[in-house]
C-alpha cells in the first residue's frame, strides 16, 4: 500500500480541523485552544481511504487515523464505538464520511495491514487510553498507536527496541515500528496470547494466601518462584540496558542524600522508618562510586506480564527518561526499589479489598508474603550472572541502598496519583 | 460487528480420523477389577462380566495391564512367559472370548507389553545366565564389571543402587533399568528383536487392537549416553510398526516414554512409529495449576509440545497404576508438588506420589470434575484409571505402588463386591476407610444416583463423543487477562458425531440403556465385518468449534475472553444446550464458579436449528 504526504488547501485543512476537534472531544481533550494540522499522510487512497494526521492541539501533538467511507455505506464500529464517527470530509474523491479508523471494523484491519505490510483481517480493540490505542490483530499481533506524540523517539519504544536489539528477550518482540519524521507513531509487537498482568498474577497468590490463612510458603499459590523469576528478569533488563545504552557511574552518598531529601519533602511520615535512617546514615559518609545504567524507571508489577515463556516487561514507560525526555541513568537498584515497593502495594491493596471483619490476622500474612517474595526477588536478581558488575563493589552497601531507594520510590508514589 | 465468522462448511472431503484419535481409554488392572471365580484375584472372566459396565460408561478402548505369567514382583511387569495368560487370571480361551465380545460391543483392547525386560524367572534369562556359551548367552546385557554406562540414571533410585547386578552363576553383571529382578533384553542381538516381533504377532492373532509399549525409551544402550531415546530404539519401533501394519493393519502402538514433549514426539517419528504417546509432563502440571490457581504450568508445557504427525495422538491422563510421576518437573516443582500433594512421607513412591485422584484432591468433586474436563478437552485421547470414575480412594500403607491398585469397589457388599473370597484371600485389602471405603464409594450406589460422579463422567463421555473436534481439532489459545482462567477453542472439520461407531467389527456401539438391573445384557452381536482401523461414521461433515473455559481457582472468577476471531457466532453451552449472547469484537465476559468450567459450541446464529 503506497503512502504519500498531502498538501492540503485551506478548505480541506479547515474540514480536517473539524474532524480533529471531534476526535479531541471524543477523547475528552476538547477545548478552545489553537489547532494546527502539522502533517497528513495518505495511507490508503479512495474509498475506503485512510489519512494519518498529526496536529498540534492544546500544546500537545495529537495523532489520529481518519477513515473515509463512501456516504450512505454501512459503517461498523468496533465495540459499539458510535462516537467514532467524526463528521464529513471532502477531497478529490468527493464527499466522505470520516471516522476514527482505529475503531472501524473494516478500516482498522487496513491500518494494521498498511503498517505491517501483510494482510490482516480480524482486529479488535484491546485497550484505549491516553498512552495508546492497542489493537489485537488475528491473535498474533498487537498494534499500539499513540494518540499523543513526543518530539523525537517515543522513550518507551526506544527502550523496547534497543533492548530487543541488545538481546534482552523478556518482552513482546517488536515486529514493526511506525515512525515518521523522527516521531514514533506506533509499534507492532508479537501478541503474547497467554499473558496476564503481573499485578493480577500476584493478586492470585494473595487471594489464595488470604483464603487459606497459612504461611505463604505452604500456600498453594505461593508467589516465590515467580518473584525469583522476576528478579532474574530485572537483572537481565539492566544487563541489556548496559549493552544498549552504556554505563555511567555515580556517588552512592549522593543517592542516599537524594533519597533522604525526597522522603522528607514528599512523605515525611515515611521518613520515620528507623531502617531507612540507618541506611542513609550508612551510605551518606561513603565515597564509593557505583555503576549507573539507563533504568526502566518505574518497573513494578503492573508493568510486567506473565507469559508462557516467563515474565516480560509489558509496559516500557517512562522509558528510562526524565520529565524532559532526556535519558536518565541511575543505579539499577532503583528498579529493584520500584518492584519491591509494588510487592507491598499489591499485598495491601488485596488486603483492603477484603471485608473489614475478615482482615484481623491477615496483616501478618501480608507482611510475610511481602518478606518472602522480597527475598525471592532479590535472590533471583543478585544470582543473575553479571549483575554484580552493575552493583556497588562493596557488597554491604547493596542492602542499605535498596532500603533507601525503595523508600524514595514509596515517597514518590505516595505523592503521585493513587493506583497501581 | 455482526458478520458471522464461523468457518464455512468444508468443501473438501472430511478426513475420517482413526479411532484412537478420539477414543477414551480405560485402564484396567486385571487382578483388581472383578474376581469371577472367587479366589481373591481379579480375572479375565471377571472383566468379561463387567463389559456391560464399561459399555454403559462409554469407554472406547481398554488398556489391559500385564496379564502374563509372572512372579508378580512388579505388578506383572516382570513377565516370565510372553505367550500365555497367568493361571490366576484364566486361560487364553477366556481371553479370546473376552476380546470377541468386547469387539462386538465396539470396545477395543490394548495390551500392556513389556518389551524392555523380562522377569529373572523367564526361561530366556534362566538359560542366558546359566553359562557364557549357551544359545541365549547374548539375549541379555552382560558385562564383566559394573562401570559401563554410568550416565544412565537409576529409575528406581530409592530401591536400586545400580543398573548392574552381579550374577553368581555366570560370574558377570547383568544390566537392568528397573528392578534387579528385571534384566533388560539385549536388542543388539537380532534374535531378541525377532522374538519380540513374534510375541507381538501372537497377541495380534489373539485379537488385541494394539499394545502399550512399556519402558519404550530404554531398549538400547550406547557408550557416552544416558541410554534413553536412542536412534536404535526408534529404528526398532519403526520395524515393529512396519511388521504390525503389514500383518494386522489398523492396530496401534502406544508408547510409554516418560520425557519432555520434544523428545517423546520422536516416538511418533514421521507417523511411522507409535500411533500414541503418553504426554507425561502435562499431568503433574495439571495438579500444579490448580494449586497455584494459575494456567501457566499448563500453557507453558502445551506451548512446548510439538505438532503431531498425521495420524498420531497424545494420550493424556490424570492418574494411572504407577506413582504420579514427577520425573518431568524441575526440582523446585517437585518439592512444590510433594508439599501440596504428599504431606505424609508415606505418600511418596519412587520419584512421585502414590495416591489416587480423589485423595490427591482432598475429595473435592468440583476439582475432580475440572481436571476431567481438562483431559477431555485438551488435545489428546484421555485415559481413565479404573476406579477413578467413582473417585475411589487409596491405601498409602500398602507397599510400592499397591496403594493405588486396590480392588475395584462394585458394591457395599463383602470385599466391596469385588470377590466373594475370604477377606484374607484377596490379593490386596480393599479400601475400607469411612470416606473412600466401599460402603461410601461403589459402582452400585453411584449408578443408582443420577447426581453421582459416575453419572456425571458418563454424561461427559457422551458429550465428548458428540464433539469429535475435542479429539482431533486444532487448539487455539484464547487470551484472558485473568491468570486463573484457561480458555481455548478446539476447531476443525469433523464428521458428524455418529450415534454408532463402526470399528473393524461393524457398527455395534449403542449406549446400553440404564435403569433397572445394572448394566443389563449386551445387545446381540452383529456379524464380524473387518474393515479398517478408522471410524467411518455415517454422517455428514461440518466445521465444529468448541470454546472451553476453565476456572483453575477455588474462588469464582470472571473471564474476559478475546474472541474477536469468532465475532458473530453464538456460544451454546454444550451440556444444557443453552444459547449465550452472540460474540462481538469486544471481550466476551462470563463468570465461572469455583473450579467451574463451561464448554460452548460456537454456532452460527443464523442457523434455524442449533446443533
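The values are calculated or read from the model by the stated rules, or taken from the named source; none is laboratory data. Not measured: the values here are computed from a predicted model. Cβ atoms come from the backbone with ideal geometry, glycine included; neighbour counts cover every protein chain shown.
For residue A:179, state whether it is more than 14 Å from every other protein chain (Cβ to nearest Cβ), under 30 Å from residue A:246 (Cα atoms), out of contact with any strand residue (DSSP E or B) (no Cβ under 7 Å at 6 or more places or on another chain) and surrounded by fewer than 21 Cβ atoms within 10 Å (Cβ to Cβ). Quick ask: steps written out before the conclusion?
Details: more than 14 Å from every other protein chain (Cβ to nearest Cβ): yes; under 30 Å from residue A:246 (Cα atoms): yes; out of contact with any strand residue (DSSP E or B) (no Cβ under 7 Å at 6 or more places or on another chain): no; surrounded by fewer than 21 Cβ atoms within 10 Å (Cβ to Cβ): yes.
The answer is no for residue A:179.
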Original post:
Is at least one residue of segment A:232-245 more than 25 Å from residue A:282 (Cα to Cα), within 14 Å of chain B (Cβ to nearest Cβ), modelled with pLDDT of 95 or more and assigned to a helix (DSSP H, G or I)?
Top reply: yes
**OP:** Out of B:30, B:65, report the one residue that is within 22 Å of the chain's Cα centre (by Cα), surrounded by fewer than 24 Cβ atoms within 10 Å (Cβ to Cβ) and assigned by TED's automatic domain parsing to the domain that holds residue B:316.
**Re:** B:65
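From the list B:171, B:221, B:182, pick out the single residue that is more than 30 Å from residue B:93 (Cβ to Cβ) and in contact (Cβ under 8 Å) with a residue 40 or more places away in the chain. If you could, list the steps in order and put the result at the bottom.
Details: B:171 fails: in contact (Cβ under 8 Å) with a residue 40 or more places away in the chain; B:182 fails: more than 30 Å from residue B:93 (Cβ to Cβ).
Testing whether each residue is more than 30 Å from residue B:93 (Cβ to Cβ) and in contact (Cβ under 8 Å) with a residue 40 or more places away in the chain leaves just B:221.
Examine segment B:479-490 for a residue that is modelled with pLDDT of 50 or more, away from chain A (no Cβ under 14 Å) and either assigned to a loop (DSSP other than H, G, I, E, B) or more than 23 Å from the chain's Cα centre (by Cα) (or both), and state whether such a residue exists. Don't jump to the end; show me each part of the working.
Kept after step one, since they are modelled with pLDDT of 50 or more, are these residues of segment B:479-490: B:479-490.
The next check asks that each one be away from chain A (no Cβ under 14 Å); those that pass are B:490.
After this cut, where a residue has to be either assigned to a loop (DSSP other than H, G, I, E, B) or more than 23 Å from the chain's Cα centre (by Cα) (or both) as well, the list is none.
No.
Which of the residues spanning segment A:93-134 are within 12 Å of another protein chain (Cβ to nearest Cβ) and over 18 Å from residue B:584 (Cβ atoms)? Talk me through it step by step, then tell me what you get.
Here is the first cut: in segment A:93-134, the residues within 12 Å of another protein chain (Cβ to nearest Cβ) are A:103-106, A:108-109, A:120-128, A:134.
The answer is A:120, and nothing else.
Looking at segment A:65-80 only, could you name the residues that are more than 12 Å from chain B (Cβ to nearest Cβ) and crowded, with 24+ Cβ neighbours inside 10 Å?
Those that are more than 12 Å from chain B (Cβ to nearest Cβ) and crowded, with 24+ Cβ neighbours inside 10 Å: A:65, A:66, A:67, A:68.
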Original post:
Is it the case that residue B:451 is in a strand (DSSP E or B) and either more than 14 Å from every other protein chain (Cβ to nearest Cβ) or closer than 24 Å to residue B:316 by Cβ (or both)?
Top reply: no
**OP:** Evaluate the following for residue A:112: is it over 28 Å from residue A:235 (Cα atoms), outside the structural domain of residue A:229 (by TED's automatic domain parsing) and crowded, with 21+ Cβ neighbours inside 10 Å?
**Re:** yes
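Conditions tested, residue by residue: (1) in contact with a helix residue (DSSP H, G or I) (Cβ under 6 Å, 6 or more places away or on another chain); (2) in contact (Cβ under 8 Å) with a residue 12 or more places away in the chain; (3) within 14 Å of chain A (Cβ to nearest Cβ).
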| position | (1), (2), (3) |
| --- | --- |
| B:565 | no, yes, yes |
| B:584 | no, yes, yes |
| B:595 | yes, yes, yes |
| B:607 | no, no, no |
Original post:
Can you tell me which of A:376, A:323 is outside any helix (DSSP H, G or I) and either within 14 Å of chain B (Cβ to nearest Cβ) or loosely packed, with under 15 Cβ neighbours inside 10 Å (or both)?
Top reply: A:323
**OP:** Kindly indicate whether residue B:367 is closer than 21 Å to residue B:255 by Cα and in a helix (DSSP H, G or I).
**Re:** no
Original post:
What number of residues within segment B:5-21 are modelled with pLDDT of 90 or more and out of contact with any strand residue (DSSP E or B) (no Cβ under 7 Å at 6 or more places or on another chain)?
Top reply: 0
**OP:** Show the residue pairs that are 6+ apart or on different chains and have beta-carbon atoms under 6 Å apart, the first residue being within segment B:396-415 and assigned by TED's automatic domain parsing to the domain that holds residue B:431 and at pLDDT 95 or above, the second being surrounded by fewer than 24 Cβ atoms within 10 Å (Cβ to Cβ) and in a helix (DSSP H, G or I).
**Re:** B:410/B:417; B:411/B:417; B:411/B:444
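Here's the yes/no breakdown for (1) part of a strand (DSSP E or B); (2) surrounded by fewer than 23 Cβ atoms within 10 Å (Cβ to Cβ); (3) modelled with pLDDT of 90 or more:
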position: B:520; (1), (2), (3): no, yes, no
position: B:536; (1), (2), (3): no, yes, no
position: B:558; (1), (2), (3): yes, yes, yes
position: B:582; (1), (2), (3): no, yes, yes
position: B:585; (1), (2), (3): no, no, no
position: B:590; (1), (2), (3): yes, yes, yes
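Could you tell me whether residue A:74 is over 28 Å from the mean Cα position of the chain (by Cα), at pLDDT below 90 and farther than 17 Å from residue A:147 by Cα? Steps first, answer last, please.
Numbers: over 28 Å from the mean Cα position of the chain (by Cα): yes; at pLDDT below 90: yes; farther than 17 Å from residue A:147 by Cα: yes.
For residue A:74, the condition - over 28 Å from the mean Cα position of the chain (by Cα), at pLDDT below 90 and farther than 17 Å from residue A:147 by Cα - is met.
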Subject >> Which numbered condition residue A:188 fails, given (1) buried (at least 21 other Cβ atoms within 10 Å of the Cβ); (2) assigned to a helix (DSSP H, G or I); (3) modelled with pLDDT of 95 or more; (4) away from chain B (no Cβ under 14 Å) >> reply: (2)
Subject >> The one condition in (1) surrounded by fewer than 17 Cβ atoms within 10 Å (Cβ to Cβ); (2) touching a residue at least 60 places away in the same chain (Cβ under 8 Å); (3) out of contact with any helix residue (DSSP H, G or I) (no Cβ under 9 Å at 6 or more places or on another chain); (4) outside any helix (DSSP H, G or I) that residue A:90 fails to fulfil >> reply: (3)
Original post:
Within segment B:410-430, can one find any residue that is under 30 Å from residue B:551 (Cβ atoms), surrounded by 16 or more Cβ atoms within 10 Å (Cβ to Cβ) and out of contact with any strand residue (DSSP E or B) (no Cβ under 8 Å at 6 or more places or on another chain)?
Top reply: no
Original post:
All but one of (1) touching a residue at least 40 places away in the same chain (Cβ under 8 Å); (2) touching a strand residue (DSSP E or B) at 6+ places or on another chain (Cβ under 7 Å); (3) within 29 Å of residue B:26 (Cα to Cα) hold for residue B:241; which doesn't?
Top reply: (1)
Original post:
Is it fair to say residue B:335 is without any contact (Cβ under 8 Å) to a residue 40 or more places away in the chain, within 14 Å of chain A (Cβ to nearest Cβ) and assigned to a loop (DSSP other than H, G, I, E, B)?
Top reply: no
Subject >> Selected residue (criterion: surrounded by the fewest Cβ atoms within 10 Å (Cβ to Cβ)) from residues of segment B:163-187 that are more than 30 Å from the chain's Cα centre (by Cα) and part of a loop (DSSP other than H, G, I, E, B) >> reply: B:168
**OP:** Go through segment B:280-304 and count every residue that is facing chain A (nearest Cβ under 9 Å) and assigned to a loop (DSSP other than H, G, I, E, B).
**Re:** 4
**OP:** Tell me which residues, restricted to segment B:253-265, are at pLDDT 95 or above and either closer than 27 Å to residue B:370 by Cβ or in a helix (DSSP H, G or I) (or both).
**Re:** B:254
**OP:** Run residue B:269 past the list (1) within 14 Å of chain A (Cβ to nearest Cβ); (2) over 18 Å from the mean Cα position of the chain (by Cα) and report the number of the one that doesn't hold.
**Re:** (1)
**OP:** Please verify whether segment A:319-327 includes one or more residues that are closer than 25 Å to residue A:194 by Cα and either in the same structural domain as residue A:393 (by TED's automatic domain parsing) or in contact with a strand residue (DSSP E or B) (Cβ under 7 Å, 6 or more places away or on another chain) (or both).
**Re:** yes
